[in-house]
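Encoded as structure tokens, the structure appears first; notes follow it.
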Amino acid sequence: MVNFLIRRLLAAIALLIIVSMVTFAIFFLVPRLTGASSADLASRYVGKTAGPQAVHEVEIRLGLNRPLVIQYWNFVKGIVVGAHYNFGPSKVYCGPPCFGYSFVNQTPVWPDLLDRMPVTLSLAGGAAVIWLVFGVTTGVISALKRGSVVDRASMGIALAGVSLPIFFTGLLSLAIFRDNLQWFPGAGTYIGLTQNPLTWASNLVLPWVTLAFLQAALYARLTRAGMLETMGEDYIRTARAKGLPERTVIVRHALRATLTPVLTIFGIDLGTLLGGAVLTEGTFSLPGLGKFAIDSINNNDLPRVLGVVMIGAFFIVLANLVVDVLYAVIDPRVRLS
Amino acid sequence: MSREAGDTVTTPDTTATADPRSAGGQGEVLLEVSGLRKHFPVTRGAIIKRQVGAVKAVDGVDFSVRSGQTLGLVGESGCGKTTTGRMITRLLEPTDGRIVFQGRDITHVSQGTMRPLRRDIQMIFQDPYSSLNPRKTVGSIVGAPFRLQNVETESGVKKAVQDLLDVVGLNPEHYNRYPHEFSGGQRQRIGIARTLALRPKLIVADEPVSALDVSIQAQVVNLLEDLQDEFGLTYVVIAHDLSVVRHISDRVGVMYLGKMVELSDAADLYKNPMHPYTVALLSAVPVPDPSIRSARERIRLQGDVPSPLNPPPACPFHTRCWKAQDVCGTVEPPMVELAPGHQVACHFPENAPADAEQQVAKAAGRA
Amino acid sequence: MTEQDAITVQAPRAFLEVRDLRIHFPTDDGLVKSVDGLSFSLERGRTLGIVGESGSGKSVTSLGLLGLHNRKNAKVSGEIWLDGQEIVGSSPEQVRRLRGRKMSMIFQDPLSSMHPFYTIGAQIIEAYRIHNDVSKQVARKHAIDMLDRVGIPQPDKRVDDYPHQFSGGMRQRAMIAMSLSCDPELLIADEPTTALDVTVQAQILDLIRDLQKEFNSAVIIITHDLGVVAELSDDILVMYGGRCVEYGEVEELFHAPEHPYTWGLLGSMPRLDRDRSDRLMPIKGSPPSLINVPEGCAFSPRCAFAELNEGRSETERPELREIGPGHRVACHLDRADRRRLWDEEIRPKL
């Protein structure tokens, strides 16, 4: 078990390093390969109007003229121990984790990321609870009532949920529940949880439901399929042959086996969303990491893009790690092999 | 690992597999296997995997098969019979030992060199459901070997396939049907037809009938026998069912924990089993005759087969053997021919000549 | 069951009595008649072997006895009387209370038949505590006793192991311990040794035999292996196409079988207790699809002697008739013909 944990942890770290290399390469190596000089990069930082002298200064300050390996090393070093920057007369220390300074407004990236995180966390966390409860319940009921009206209806709705894009359902819900019915007038603006929990929740209801609808539909289908498979297992037959009440058979024997693979996918989904629920945040103009990523890409703001990608990767890797460990706790075959 | 294992290959002269008597006479030796080993490494460690041991799936097996004959390999799960079959067909790379086919060493020939050999050595699998591609027609399945080997047939592949279907007792008009349209027994026939396509010399059949119903088993067993007569085929049949093996084999090898413990002409083996394990195996087979069930002498082995990861030293069977003495745990019994064509690896064999124990002791070098 | 039928129902005399059991499954392709009119009885302390090939309905029967078929997709009719209580007409809840306590089952593959996430002990304790109001400690003690009884070494340690940590034979022993934990009076073993090696099979068969003596329960053993039934059974029921084709005491059935299908089964298997035969005598063709069971005698398309009946086999379904004490056969052949065929054509070739 300890071996297993160590192996997983090391694999997670290795994965993060690879992700950082690949991202770094995409943003800094690829432009070079396609012919852009370090001055071109630097000119993005200071803007097109600056003279060559200014561009050159920036080039040196940010180290853009140095070999890529060194640049990568400094990038990683910044994340781990922080970095010192020379901004003309003033020297600036950027504490760990340092993702550098925004090209666009010269602010450090990390505090900006931190600012956005609660929004994405609120959105993804709330939606996750909703979709997990509704998706799994619907899936289980559908499987147990296979072929019934309930099953067909929920699977029909689930199919719609899977097929309809978020920007469609999101805008539709805004039009109806915010603009027309005026139920959630604040939808689309974020108020912090600590500021006013009620407003926080009511403002987030529409994005939660929109995001959860899509995910719940996926989970309902997944759970239904898993449940149907489990109910056909030999050990379910054994449980019944022992004389267990059907409820116990389902809850103690079937559900536990069905939910194990669902848990894996849930972990990965949640991890992915924590790195930014791009479409949902975009649709509801929520200032989360996803919106941050989109804006940074539109602005060619490389340090910010790098930062948000690294954070996203971190959440996914973390979620995977947690899932692996949970899996070992649930399934003795994993734990003891 | 392999070198270390190789050092222990000291087969006494008495067990020379080329001895014409020991293979029962007729036909030249088609396949000869000596010192065959397959060890699967077992690794452990969080970061750096180090080998902590090996599963000795097959650990020094010798036998030969004469042309036109059938060798049966029996044993319980984990005895290495399937691994042996896969090494003969070169689906697995042997760790050590030699496989000689038609006088040619094929132990380590490359895939490319093996290709023409695949025409001569074919395999029949256990599960007729998973070994046929469900999206291909029977014609295309059975005809595949022709295409893969670029074999020209006189009157076209289709005709050749239909002839094959006829030979294995299927309707040649079912050429365009899919596997799911056939029953288990018919699917096994399709598999056999595919195997026969290139007129192989040696067929390794791994549990060819164990997935089939009793009445169908008999059909397939009879078919295999007919085909052997018709095409002069040589079989290595791997099975756990001792009755089936007796029925189709000329010679039978009994395996236990990766080792051959007894090798004999079939009739003699079943009449005078010498190795205690063989005796126990035969005694465990339920007999379809209720009148002798109380009269039968039963030998019941205790417990399960030990793990091949950590097999008992010397004689692998001594931990479960009722005849075992101290020597069985310290000196590995060599294969000794105690009756014409009947070899056994045991210090204290049953049904053996009076001087058997002395013979074994001499062969083991502990006079 | 109509009211009129209910009046004519007679109280059963045997411990287990099955009358005209039918288990049909409506499917898109048609009605699958897995069991189609099966009757037999069994006393405590005796063993019935049910023999048949895949699709003969033998496993469906065993699940039917335990009331395990989902009433939504299986149509079950007929009567199953277990110790005076009728099962087919009882509510699911009533049948559930009998399962595991009064009747229990051992399955073919002990690995897939046990829940991979729970320890062996937990699964036995669960089986015991549904039917017995005892504390966990008492149930655990009982589980350890049961494991000991079925020959598992160090039961107080192994009780906390998971199924995958057991060997195949040990798992089947644990499965048996679980089935016997509530001291059932009827034990159904569905291919209990098919997945096991032959030496382990012998151990398990011995164990079932010994435990039956100890518990004096009625045992039904379902298998395709005539050797296994010959070892264990007092009576044998041969099933084909969802029906009983021959029923009789084990000696009678092996030494004077009268149904051509039974002959075929005997001729199909190579035997270690005889000299090696030159050729096996297989049954031609394959088992029937249960959707299109042939009209008349289900076995007729594969029967080597069907033509002796001048077409009756194809049109008329043979009744199961008593031909001797406890020996019943469903075959159109003339009794004298059957005896002659067995004595002259079949037995000498076995």
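The values are calculated or read from the model by the stated rules, or taken from the named source; none is laboratory data. The shown structure was predicted, so the numbers you read here are calculated from the model rather than taken from an experiment. Please note: Cβ atoms are built from the backbone with ideal geometry, for glycine as well, and neighbour counts cover all protein chains shown. We work out accessible area using only protein heavy atoms, side chains counted, and drop any ligands, DNA or RNA first. Shrake-Rupley method; radii C 1.70, N 1.55, O 1.52, S 1.80 Å.
Residue by residue through the range C:312-336, note down the ones that are within 21 Å of C:LYS284 (Cα to Cα) and open to solvent by 30 Å² or more (accessible area, probe 1.4 Å).
C:ARG312, C:GLU314, C:THR315, C:ARG317 - these are the residues of the range C:312-336 that are within 21 Å of C:LYS284 (Cα to Cα) and open to solvent by 30 Å² or more (accessible area, probe 1.4 Å).
In contact (Cβ under 8 Å) with a residue 12 or more places away in the chain and under 15 Å from B:VAL65 (Cβ atoms): which single residue out of B:ILE124, B:ILE99 fits that description? Give the derivation first.
Numbers: B:ILE124 fails: under 15 Å from B:VAL65 (Cβ atoms).
None of the other options fit; the residue is B:ILE99.
Which of the residues belonging to the range B:82-104 are open to solvent by 60 Å² or more (accessible area, probe 1.4 Å) and under 19 Å from the mean Cα position of the chain (by Cα)?
Just the residues of the range B:82-104 that are open to solvent by 60 Å² or more (accessible area, probe 1.4 Å), to begin with: B:86, B:91, B:93, B:98, B:102-104.
Residues satisfying the conditions are B:ARG86, B:LEU91, B:GLU93, B:ARG98, B:GLN102.
Among all residue pairs at least 6 apart or on different chains, which show Cβ distances below 7 Å where the first residue, located in the range A:303-332, is within 14 Å of chain C (Cβ to nearest Cβ) and free of Cβ contacts under 8 Å to residues at least 12 places away in the same chain and the second is open to solvent by less than 40 Å² (accessible area, probe 1.4 Å) and not in a helix (DSSP H, G or I)?
From the range A:303-332, the pairs are A:PRO332/C:PHE117; A:PRO332/C:TYR162.
Examine the range C:160-178 for a residue that is hydroxyl-bearing (Ser, Thr, Tyr), open to solvent by less than 40 Å² (accessible area, probe 1.4 Å), at pLDDT 90 or above and within 28 Å of B:GLY75 (Cα to Cα), and state whether such a residue exists.
Yes, the range C:160-178 contains a residue that is hydroxyl-bearing (Ser, Thr, Tyr), open to solvent by less than 40 Å² (accessible area, probe 1.4 Å), at pLDDT 90 or above and within 28 Å of B:GLY75 (Cα to Cα).
So the check is Cβ under 8 Å with 6+ separation or different chains; which pairs have a first residue in the range B:155-184 that's aromatic (Phe, Trp, Tyr) and a second one that's surrounded by fewer than 18 Cβ atoms within 10 Å (Cβ to Cβ) and part of a loop (DSSP other than H, G, I, E, B)?
So the pair list comes out as B:TYR175/B:THR137; B:TYR178/B:PRO134; B:TYR178/B:ARG135; B:TYR178/B:LYS136; B:TYR178/B:THR137.
For the range C:177-184, state whether one or more residues are within 14 Å of chain B (Cβ to nearest Cβ), within 29 Å of C:GLU53 (Cβ to Cβ) and out of contact with any Pro (no Cβ under 8 Å at 6 or more places or on another chain). Before the answer, list the steps.
Keep residues of the range C:177-184 that are within 14 Å of chain B (Cβ to nearest Cβ), which gives none.
Among the residues of the range C:177-184, not one is within 14 Å of chain B (Cβ to nearest Cβ), within 29 Å of C:GLU53 (Cβ to Cβ) and out of contact with any Pro (no Cβ under 8 Å at 6 or more places or on another chain), which makes the answer no.
Residue-wise test of (1) surrounded by fewer than 23 Cβ atoms within 10 Å (Cβ to Cβ); (2) hydrophobic (A, V, I, L, M, F, W, C); (3) out of contact with any Gly (no Cβ under 7 Å at 6 or more places or on another chain); (4) over 29 Å from C:GLU191 (Cβ atoms).
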{"position": "B:PHE182", "(1), (2), (3), (4)": "yes, yes, yes, no"}
{"position": "B:GLY191", "(1), (2), (3), (4)": "no, no, yes, no"}
{"position": "B:ARG194", "(1), (2), (3), (4)": "yes, no, yes, yes"}
{"position": "B:PRO208", "(1), (2), (3), (4)": "no, no, yes, no"}
{"position": "B:ALA211", "(1), (2), (3), (4)": "yes, yes, no, no"}
{"position": "B:GLN219", "(1), (2), (3), (4)": "no, no, no, no"}
{"position": "B:ASN222", "(1), (2), (3), (4)": "yes, no, yes, no"}
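Note down all Cβ pairs under 7 Å where the first residue falls in the range A:155-170 and is in contact (Cβ under 8 Å) with a residue 40 or more places away in the chain, the second is of a type in the set (Lys, Arg) and part of a helix (DSSP H, G or I), and they're at least six residues apart or on different chains.
Between residues of the range A:155-170 that are in contact (Cβ under 8 Å) with a residue 40 or more places away in the chain and residues that are of a type in the set (Lys, Arg) and part of a helix (DSSP H, G or I), the close pairs are A:ALA158/A:ARG221.
All but one of (1) within 13 Å of chain B (Cβ to nearest Cβ); (2) within 25 Å of C:ARG44 (Cβ to Cβ); (3) buried (at least 21 other Cβ atoms within 10 Å of the Cβ) hold for C:LEU237; state the number of the condition that does not hold.
(1)
Restricting attention to the range C:303-310, does a residue exist that is surrounded by 16 or more Cβ atoms within 10 Å (Cβ to Cβ), part of a helix (DSSP H, G or I) and in contact (Cβ under 8 Å) with a residue 60 or more places away in the chain?
No: zero hits.
Which helices (runs of 4 or more DSSP H) does the range C:128-229 wholly contain that include 2 or more residues that are under 20 Å from C:HIS115 (Cα atoms) and not polar (S, T, N, Q)?
Details: elements: C:136-149, C:155-158, C:168-180, C:198-215.
By residue number, C:136-149, C:155-158, C:168-180.
Looking at C:LEU205, C:LEU226, which is the one that is surrounded by 24 or more Cβ atoms within 10 Å (Cβ to Cβ) and aliphatic (A, V, I, L, M)?
Details: C:LEU205 fails: surrounded by 24 or more Cβ atoms within 10 Å (Cβ to Cβ).
Unique residue meeting the criteria: C:LEU226.
Taking the condition of being in contact (Cβ under 8 Å) with a residue 40 or more places away in the chain and either among the polar types (S, T, N, Q) or within 14 Å of another protein chain (Cβ to nearest Cβ) (or both), how many residues in the range B:187-207 meet it?
The total comes to 5.
For the range C:61-86, give me each residue that is within 13 Å of chain A (Cβ to nearest Cβ) and either assigned to a loop (DSSP other than H, G, I, E, B) or farther than 26 Å from C:GLN123 by Cβ (or both). Break it down into steps so the answer makes sense when it comes.
Within the range C:61-86, the subset within 13 Å of chain A (Cβ to nearest Cβ) is C:62-73.
Selection gives C:LEU66, C:GLY67, C:LEU68, C:HIS69, C:ASN70, C:ARG71, C:LYS72, C:ASN73.
Look through B:VAL109, B:VAL167 and report the one residue that is open to solvent by less than 70 Å² (accessible area, probe 1.4 Å), under 30 Å from C:SER54 (Cα atoms) and among the aliphatic types (A, V, I, L, M).
On the way: B:VAL109 fails: under 30 Å from C:SER54 (Cα atoms).
The match here is B:VAL167.
Checking the condition modelled with pLDDT under 95, touching a helix residue (DSSP H, G or I) at 6+ places or on another chain (Cβ under 6 Å) and in a loop (DSSP other than H, G, I, E, B), which residue from C:PRO282, C:PRO288 passes?
On the way: C:PRO288 fails: touching a helix residue (DSSP H, G or I) at 6+ places or on another chain (Cβ under 6 Å).
That would be C:PRO282, the only listed residue that is modelled with pLDDT under 95, touching a helix residue (DSSP H, G or I) at 6+ places or on another chain (Cβ under 6 Å) and in a loop (DSSP other than H, G, I, E, B).
If I ask for residues that are touching an Asp or Glu at 6+ places or on another chain (Cβ under 9 Å) and charged (D, E, K, R), which ones from the range B:58-91 would you list?
Scanning the range B:58-91 gives B:ASP62, B:ARG66, B:GLU76, B:LYS81, B:ARG86.
Please list, ordered by first then second residue, the pairs with beta carbon atoms under 9 Å, 6 or more apart or interchain, first in the range B:219-232 and farther than 19 Å from C:SER286 by Cβ, second part of a helix (DSSP H, G or I) and open to solvent by less than 30 Å² (accessible area, probe 1.4 Å).
B:GLU225/B:HIS247; B:GLU225/B:ILE248; B:LEU227/B:ILE192; B:LEU227/B:LEU196; B:GLN228/B:ILE248; B:PHE231/B:LEU196
Whether any residue in the range C:245-257 is crowded, with 22+ Cβ neighbours inside 10 Å, more than 7 Å from every other protein chain (Cβ to nearest Cβ), under 18 Å from the mean Cα position of the chain (by Cα) and not in a strand (DSSP E or B) is what I want to check. Give the steps one after another, and end with the answer.
Residues of the range C:245-257 that are crowded, with 22+ Cβ neighbours inside 10 Å, as a first pass: C:245-248, C:250, C:253, C:257.
From what is left, the residues that are more than 7 Å from every other protein chain (Cβ to nearest Cβ) are C:245-248, C:253, C:257.
Those still in the list that are under 18 Å from the mean Cα position of the chain (by Cα) too: C:245-248, C:253.
If we keep only those that are not in a strand (DSSP E or B) as well, we get C:253.
Yes, the range C:245-257 contains at least one residue that is crowded, with 22+ Cβ neighbours inside 10 Å, more than 7 Å from every other protein chain (Cβ to nearest Cβ), under 18 Å from the mean Cα position of the chain (by Cα) and not in a strand (DSSP E or B).
Restricting the search to the range C:87-114, which residues are open to solvent by less than 10 Å² (accessible area, probe 1.4 Å), in contact (Cβ under 8 Å) with a residue 24 or more places away in the chain and more than 8 Å from chain A (Cβ to nearest Cβ)?
C:VAL95, C:MET103, C:ILE106, C:PRO110
Which condition breaks for C:GLU53 when tested against (1) open to solvent by 30 Å² or more (accessible area, probe 1.4 Å); (2) over 23 Å from A:ARG240 (Cα atoms)?
(1)
Condition check: in contact with a Leu (Cβ under 8 Å, 6 or more places away or on another chain) and assigned to a loop (DSSP other than H, G, I, E, B). Does B:MET255 satisfy that?
On the way: in contact with a Leu (Cβ under 8 Å, 6 or more places away or on another chain): yes; assigned to a loop (DSSP other than H, G, I, E, B): no.
Taking the combined requirement at face value, the residue does not satisfy it.
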